[in-house]
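These notes are about the structure you will find just below.
The values are calculated or read from the model by the stated rules, or taken from the named source; none is laboratory data. Note that the structure is a prediction, hence the values are computed from the model and not measured. Don't worry about glycine lacking a Cβ; one is built from the backbone with ideal geometry, like all the others, and counts go over all protein chains shown. In case anyone asks, the SASA skips ligands and DNA or RNA and just uses the protein heavy atoms, side chains included. Shrake-Rupley method; radii C 1.70, N 1.55, O 1.52, S 1.80 Å.
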Amino acid sequence: MDSLAEESFGEILENWGGFVACTETLLKGKGDPSVGSQLVPLVATLCVHGLGSLAQDHFLQSLAETFKTNVVSKFWQQFHAYRDGPRLNVHEDWREEVLNKSVEEMWTDHEDWHEEVLNKSLDEICTERSYMEKCVLVLVHALQSYDEGITKGNIEFQHLHSHLISRFQLMVSSVLLTTLPLHFPEVLRLYFRKKLEELSTIIAGEYEDGCESQIDDHYFNQQTKRSHLGDMDTIGTYSAIAISNDNSLVKSIGKVVRELRSLGFTSLTEDAYASAIFLLLKNKVHSLAGDEYRSPVLQSIKDWIQAVPLQFLNALLVYLGESIDYDSSASGLKSPLASCPFSYPGIDTPSEGLVRWQLRLEYFAYETLQDLRIGKLFEIIVDYPDSSPAIEDLKKCLEHTGQHSKLVESFVSSLRYRLLTAGASTNDILHQYVSTIKALRTIDPAGVFLEAVGEHIRDYLRGRKDTIKCIVTMLTDGTGGNSSGAGNSGESLLEELTRDAENQENADCDEDINSDEKQAWLSAERWEPDPVEVDPSKCGRSRRKIDILAMMVSIIGSKDQLVNEYRVMLAEKLLNKSDYDIDSEIRTLELLKIHFGESSMQRCEIMTNDLIHSKRTNASIKASIPQPSLEGADQGKTNLPLNILDVTIISSNFWPPIQEETVNVPSSVDQLLSDYSKRFHEIKTPRKLLWKKNLGTVKLELQFEDRTIQFTVTPVHATIIMQFQEQTSWTSTNLAAAIGIPVDLLNRRINFWVCKGILAESVGKDSNDHVFTLVEDMMDPNRNGLTSSGYEGLITADEERERSVASVEEQLRKEMTIYEKFIEGMLTNFGSLSLDRIHNSLKMFCLAEPPYDKSLQQLQSFLSSLVSEEKLEMRDGMYFLKK
Amino acid sequence: MFPSRSKMKVKILNWHAVASWTWDAQDETCGICRMAFDGCCPDCKYPGDDCPLIWGACNHSFHLHCILKWVNSQTSQPHCPMCRREWQFKAWEQRRRGFQLETPGQC
């Protein structure tokens with residue numbers, strides 16, 4: 001037993017030594033077949049002694065050793081040049097960037113050199129590897145021949161073979177991966193990027209002269225049949241054959257990919273070319289979409305995806321797919337984790353891998369475009385009607401990516417930063433709001449995200465005082481509130497009114513046709529669940545209907561406020577009409593009536609009706625007065641014919657409070673007015689006229705010796721200037737007394753004539769008393785602007801004109817003064833009170849006529865006006881009486 | 001002291017004045033509907049011609065629609081809602097004379 005053991009022990013040792021030596025020569029030597037035959041008996045002997053697995057282990061281990069020392073280090077050495085840069089900064093976020101840059105620099109420095117290095121070193125390492133594989137096969141063969149001696153089983157051999165090969169491959173990739181330098185993926189990425197760019201420029205060129213190349217294509221088809229690229233028209237509208245022209249390029253890429261794969265870099269490679277493709281796609285999207293909002297780009301991006309990256313991938317996959325057949329080792333390497341893109345060289349149906357790639361690329365394109373658009377959404381919405389293609393694109397992207405909340409977030413923050421600031425005019429904000437509503441309505445018909453965005457704008461606008469006024473101006477003025485491009489918005493709101501009216505009509509028709517049941521069924525069918533982002537606290541079906549006007553009204557809070565403001569504005573407008581042309585007002589009013597209901601617009605309707613009646617009455621009065629009756633009245637005075645007088649007769653109860661000032665109009669006019677009212681009294685029997693002498697418009701002509709100038713002014717202005725007919729110079733006190741208005745008012749009004757150069761102002765004896773003198777000769781060249789023609793004088797005195805109707809604030813102010821005493825009383829008792837306390841107390845105690853019905857905001861603005869009058873003080877949100 | 005006549009003349013081309021109308025009633029509101037005379041009765045939409053005022057022989061005035069409703073609802077001889085005198089519409093000439101005489105307390 002012992003002797004046997006010793007004997008065999010010696011034999012084993014001897015054999016083992018032989019095996020080790022053999023292995024070494026095998027690995028070092030270059031394919032010496034004799035070594036293989038030497039190995040067979042050694043292996044057999046070792047196997048007999050049950051040391052087969054040990055032999056295998058040793059073989060592989062030495063293989064690994066050799067591979068590592070000889071091949072791998074040499075391989076990495078090739079890329080050493082690219083290591084220096086990145087090594088310095090291998091941490092932090094900007095690592096990749098720096099890496100990118102430095103490698104890129106290298107790249108540009110050496111251009112093809114790098115590519116060659118990669119190709120060459122890959123080739124080298126692959127030959128080494130395949131040689132080693134051969135070595136493994138030698139071992140396998142040796143083992144096999146031993147096995148055959150015993151079992152003659154072929155199945156076991158198969159098993160053994162694949163087992164050893166896979167162990168070998170695992171070894172190769174693990175050795176490579178453990179020694180992988182950081183920059184290698186980057187090198188790969190750059191390689192693919194460069195190749196892809198080359199390819200895409202070629203394809204783009206092809207695409208441009210696609211027609212001419214049709215014939216050539218056929219030729220290339222024949223030539224490149226091997227790769228089955230010719231009839232790859234499953235994809236895209238581009239000429240699918242284009243890529244076949246560059247088969248050599250694709251092939252060279254394919255070769256690199258295959259070699260990399262055989263080294264176990266499957267996922268690394270895929271990452272690299274995926275990122276290269278994505279980078280290319282991203283650049284493409286950016287260059288196509290960029291700052292261009294006026295044309296849709298999504299389709300062309302899709303086309304491009306079909307044309308370039310997919311073509312490339314297809315070619316690559318086909319190429320690799322084929323390679324599987326004759327290079328079975330590569331296929332054996334498929335790791336389950338790396339979703340290995342395999343492809344059946346099917347022609348008509350795109351392979352699964354390709355479809356997966358297409359989806360991936362398209363999603364990426366959607367996401368990139370979406371991010372790009374969302375980032376610029378503010379600008380896009382600014383020129384909304386023109387940029388609707390961009391909005392459409394964004395809509396499609398969002399349908400795929402579903403990142404609506406991202407949109408809301410980013411848009412709100414850009415709104416905060418750019419729009420909702422003190423610098424932006426209310427008009428602009430409203431304009432943007434309208435555009436936002438329209439744009440987001442296209443993106444998201446349910447209005448959920450609009451709600452989220454709109455809330456911020458609304459909140460902000462509520463804090464602005466002139467919001468209501470601006471909205472009303474936008475509603476009523478076709479031309480818009482200000483000249484700087486807001487004309488659009490004004491029109492759009494008016495348009496919106498019109499559209500709303502049309503919709504309403506249509507809706508009415510629908511209701512007539514459809515029975516209730518049918519309607520219910522239809523709406524039930526149309527139901528869609530709310531998006532996830534819905535704020536559950538704000539549930540309500542009413543929100544669903546996106547109605548721009550309703551959203552505008554919701555800024556203000558109640559439609560009553562809006563109607564009130566509108567009434568004031570309408571009154572102002574109607575009173576300043578010198579003709580009775582109110583067609584546009586009536587139209588707007590009708591539209592508003594449809595929207596806000598007839599009853600709330602009742603008073604406004606009476607106002608327009610007054611104008612219509614006035615026109616009729618005016619005509620009939622003029623017709624009824626015979627010329628002779630006038631003559632008796634104004635004998636000895638300038639004869640003013642009655643037909644120069646037009647009167648607007650209003651039902652004052654239904655108009656907003658009118659600001660009345662007394663003014664002594666010139667006696668000739670006064671005479672005219674009283675004649676007129678006499679006639680009115682006769683026609684409309686018991687009714688009488690009460691003149692609002694300060695209101696209206698006067699068109700007059702100043703006749704100088706050398707020229708005439710026309711003006712359209714208020715009656716007060718007319719009265720002032722007419723005084724200068726009699727007397728060319730007046731002191732302000734005297735003039736004020738003659739006209740019957742306060743001096744300060746006179747000073748304000750007379751300024752108009754001073755500005756026009758008709759009157760000259762000088763300081764009189766008393767410093768408070770100004771002297772105004774008529775400027776009679778205008779030879780002064782400084783004023784030739786005026787003398788040249790009377791045209792300029794036609795400018796109305798609008799900037800001078802005081803409002804004829806008390807504004808809403810003034811009305812409110814008047815109403816609030818009643819409560820001033822209450823508030824003062826409260827503050828004397830309690831010392832200090834907060835806004836809420838005051839509000840609640842007023843609500844509780846002011847029940848008698850008139851009951852307190854103001855909102856908190858109204859109270860606040862009243863209190864702050866009291867503060868500015870120095871009646872109250874406000875500190876830390878508490879109000880005090882000013883001592 | 002000041003040069004008197006100027007060589008400037010103002011020619012008025014058009015004077016567009018504004019006035020409000022009023023029923024020249026002695027009271028502010030209609031005794032029946034308590035609405036302003038210069039407004040209209042609750043059934044009317046537009047004031048003025050559409051909703052005129054009427055005077056009784058007693059010189060009390062009401063919206064035409066209001067008093068007609070009242071008169072029609074009375075079974076026997078209608079009375080003025082204000083002074084309970086027998087209701088008669090005042091002839092226009094009579095009213096005018098009444099005004100000229102300035103005797104409002106006539107009834």
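The figures follow:
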{"item": "Output for region A:305-315, where each listed residue is in contact with a Phe, Trp or Tyr (Cβ under 8 Å, 6 or more places away or on another chain) and either small (Gly, Ala, Ser) or modelled with pLDDT of 75 or more (or both)", "result": "A:Gln306, A:Ala307, A:Leu310, A:Leu313"}
{"item": "B:Ile54 more than 13 Å from chain A (Cβ to nearest Cβ) and hydrophobic (A, V, I, L, M, F, W, C)", "result": "no"}
{"item": "Qualifying residue in region A:349-360 (condition: surrounded by 14 or more Cβ atoms within 10 Å (Cβ to Cβ) and at pLDDT below 65)", "result": "yes"}
{"item": "Count of residues meeting criterion [within 20 Å of A:Arg875 (Cα to Cα), in contact (Cβ under 8 Å) with a residue 12 or more places away in the chain and out of contact with any strand residue (DSSP E or B) (no Cβ under 8 Å at 6 or more places or on another chain)] in region A:824-856", "result": "3"}
{"item": "Top-ranked residue of region A:749-773 - restricted to ones that are surrounded by fewer than 19 Cβ atoms within 10 Å (Cβ to Cβ) and in a helix (DSSP H, G or I), ranked as nearest to the other protein chains (Cβ to nearest Cβ)", "result": "A:Val754"}
{"item": "Test: residue in region A:589-597 that is within 13 Å of chain B (Cβ to nearest Cβ), without any contact (Cβ under 8 Å) to a residue 40 or more places away in the chain and not in a loop (DSSP other than H, G, I, E, B)", "result": "yes"}
{"item": "Identity of the residue in region A:701-748, under 22 Å from A:Asn576 (Cα atoms) and facing another protein chain (nearest Cβ under 8 Å), that ends up surrounded by the fewest Cβ atoms within 10 Å (Cβ to Cβ)", "result": "A:Glu701"}
{"item": "Check on A:Val698, open to solvent by less than 30 Å² (accessible area, probe 1.4 Å), assigned to a helix (DSSP H, G or I) and at pLDDT 85 or above", "result": "no"}
{"item": "Single condition B:Trp70 does not satisfy, out of (1) more than 14 Å from chain A (Cβ to nearest Cβ); (2) open to solvent by less than 20 Å² (accessible area, probe 1.4 Å); (3) without any contact (Cβ under 8 Å) to a residue 40 or more places away in the chain", "result": "(2)"}
{"item": "A:Lys821, sole failed condition from (1) open to solvent by less than 60 Å² (accessible area, probe 1.4 Å); (2) more than 27 Å from A:Ile555 (Cβ to Cβ); (3) free of Cβ contacts under 8 Å to residues at least 24 places away in the same chain", "result": "(1)"}
{"item": "Test: residue in region A:679-688 that is acidic (Asp, Glu) and surrounded by fewer than 15 Cβ atoms within 10 Å (Cβ to Cβ)", "result": "yes"}
{"item": "Boolean, A:Lys593 is under 13 Å from A:Leu475 (Cβ atoms), surrounded by fewer than 18 Cβ atoms within 10 Å (Cβ to Cβ) and charged (D, E, K, R)", "result": "yes"}
{"item": "Those residues of region A:409-426 which are in a helix (DSSP H, G or I) and open to solvent by 20 Å² or more (accessible area, probe 1.4 Å), in sequence order", "result": "A:Glu409, A:Ser410, A:Ser413, A:Ser414, A:Arg416, A:Tyr417, A:Arg418"}
{"item": "Subset of region B:73-83 [within 21 Å of the chain's Cα centre (by Cα) and open to solvent by 50 Å² or more (accessible area, probe 1.4 Å)]", "result": "B:His79, B:Met82"}
